[in-house]
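See structure below.
The values are calculated or read from the model by the stated rules, or taken from the named source; none is laboratory data. No experiment lies behind these values; they were computed from the predicted model shown. Cβ: placed from backbone, ideal geometry, glycine included. Neighbour counts: every protein chain shown. For accessibility, only protein heavy atoms count, side chains too; no ligands or nucleic acids. Shrake-Rupley method; radii C 1.70, N 1.55, O 1.52, S 1.80 Å.
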Amino acid sequence: MNNLNKSSRRLNPEFHVRFTGESLRQWMAIFTANINEAEQQLTDLDAAIGDADHGVNMRRGMHAVAEKLDTLALADLSGQMRVISTTLMSSVGGAAGPLYGAFFLQSSHATLHKPDLGLADLTSAMEAGYRGVVQLGKAAVGDKTMVDTLAAAVSSLRASCNHHEALPEAVKACRKAARLAAEGTIPMVAKKGRASYLGERSAGTQDPGATSASILFDSLAQAVLSPTNTSYANVPKPILL
């Protein structure tokens, strides 16, 4: 991208949108609502290749997070992520609790001492969360797990970052990449988790963990793009030449 195009992008108010503590709380509120709506879908997917408890586990965990949204406002961005992490670890059953907990814990380390995040910082935080999940779960892309979705999401964010895109533009692409990655687990044979016990019979069903992770990034996009996102109200107005 030449310098003129870079300058033109920066005149766009969307280029200055930041991810704040309020954005995080809105993300969690939307994620809670979306998990509520998807609970039966997640249960049905997990019933086909797992323990049939992913839907109820995720609903219980996100309700616990939602109950803390008001008190989260007292902490900085990193502190909020740590509270989300410990809440999910303690309230979500099965493997999902520790994995989602690891995601937000490692993301919190990457946001330490940062009052808000631009796209580069948010990308680094999501990449740190992804690495935390991989380290804990020992899964790789292609194993038919939430890692497939997380890898696609953070790769999309990094590509947007490298192309100097605005945050709203980046989360739109990330949402699409996450959804396609979740759908891409349908023909896969599971190599990790309870589904791996089924062998070839695990093919043909979308992975429930990959699906809830897709909902996570869809919710992120909804939060950033929401008209009530106050970070839009504080961006500089474009300069008229």
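What pairs come out if I take residues in the stretch 59-78 that are over 19 Å from Ala213 (Cβ atoms) and open to solvent by 80 Å² or more (accessible area, probe 1.4 Å) and pair them with residues that are outside any helix (DSSP H, G or I) and small (Gly, Ala, Ser) whose C-beta lies under 6 Å away, six or more apart or interchain?
none
Going through the stretch 14-59 one residue at a time, which ones are charged (D, E, K, R) and either within 22 Å of Ser107 (Cα to Cα) or outside any helix (DSSP H, G or I) (or both)? So that I can check it myself, show each step before the final result.
Pass one, the stretch 14-59, residues charged (D, E, K, R): 14, 18, 22, 25, 37, 39, 44, 46, 51, 53, 59.
Arg18, Glu22, Arg25, Asp51, Asp53, Arg59, listed by residue number.
Those residues that are hydrophobic (A, V, I, L, M, F, W, C), more than 13 Å from the chain's Cα centre (by Cα), in a helix (DSSP H, G or I) and farther than 15 Å from Gly193 by Cα, I need them from the stretch 124-167; list them, please.
First pass over the stretch 124-167, keeping only residues hydrophobic (A, V, I, L, M, F, W, C): 125-126, 128, 133-134, 136, 139-141, 146-147, 150-154, 157, 159, 161, 166-167.
Narrowing the set further to residues that are more than 13 Å from the chain's Cα centre (by Cα) leaves 134, 136, 139-141, 159, 161, 166-167.
This time we only want the ones that are in a helix (DSSP H, G or I), so: 134, 136, 159, 161, 167.
Passing the criteria: Ala159, Cys161, Leu167.
All but one of (1) surrounded by 22 or more Cβ atoms within 10 Å (Cβ to Cβ); (2) modelled with pLDDT of 95 or more; (3) farther than 22 Å from Leu88 by Cα hold for Ile186, so report the exception by its number.
Condition (1) is where Ile186 drops out.
Got a sec? Which of Leu180, Leu136, Leu240, Leu225 is modelled with pLDDT under 95, over 20 Å from Ser23 (Cα atoms) and among the hydrophobic types (A, V, I, L, M, F, W, C)?
Details: Leu180 fails: modelled with pLDDT under 95; Leu136 fails: modelled with pLDDT under 95; Leu225 fails: over 20 Å from Ser23 (Cα atoms).
Result of the check over Leu180, Leu136, Leu240, Leu225: Leu240.
Before we move on, is Ala210 under 14 Å from Lys144 (Cβ atoms) and either of a type in the set (Gly, Ala, Ser) or open to solvent by 50 Å² or more (accessible area, probe 1.4 Å) (or both)? Give the steps one after another, and end with the answer.
Working: under 14 Å from Lys144 (Cβ atoms): yes; either of a type in the set (Gly, Ala, Ser) or open to solvent by 50 Å² or more (accessible area, probe 1.4 Å) (or both): yes.
Yes, satisfied.
Within the bounds of the stretch 195-205, is there any residue that is in a helix (DSSP H, G or I), among the aromatic types (Phe, Trp, Tyr) and open to solvent by 50 Å² or more (accessible area, probe 1.4 Å)? Give the steps one after another, and end with the answer.
Kept after step one, since they are in a helix (DSSP H, G or I), are these residues of the stretch 195-205: 195-202.
After this cut, where a residue has to be among the aromatic types (Phe, Trp, Tyr) as well, the list is 197.
Still in the list and also open to solvent by 50 Å² or more (accessible area, probe 1.4 Å): 197.
The answer is yes; a qualifying residue exists.
For a quick check of your reading of the model, give me the residue pairs whose first member lies in the stretch 170-181 and is without any contact (Cβ under 8 Å) to a residue 40 or more places away in the chain, whose second is outside any helix (DSSP H, G or I), with beta-carbon atoms closer than 9 Å and at least 6 apart or on different chains.
Note: pairs meeting the criteria are Ala173/Glu165; Ala181/Val141.
Between Ser90, Ser107, Ser155, which is of a type in the set (Gly, Ala, Ser) and either open to solvent by less than 50 Å² (accessible area, probe 1.4 Å) or touching a residue at least 60 places away in the same chain (Cβ under 8 Å) (or both)? Break it down stepwise before answering.
Details: Ser90 fails: either open to solvent by less than 50 Å² (accessible area, probe 1.4 Å) or touching a residue at least 60 places away in the same chain (Cβ under 8 Å) (or both); Ser155 fails: either open to solvent by less than 50 Å² (accessible area, probe 1.4 Å) or touching a residue at least 60 places away in the same chain (Cβ under 8 Å) (or both).
So the residue among Ser90, Ser107, Ser155 that is of a type in the set (Gly, Ala, Ser) and either open to solvent by less than 50 Å² (accessible area, probe 1.4 Å) or touching a residue at least 60 places away in the same chain (Cβ under 8 Å) (or both) is Ser107.
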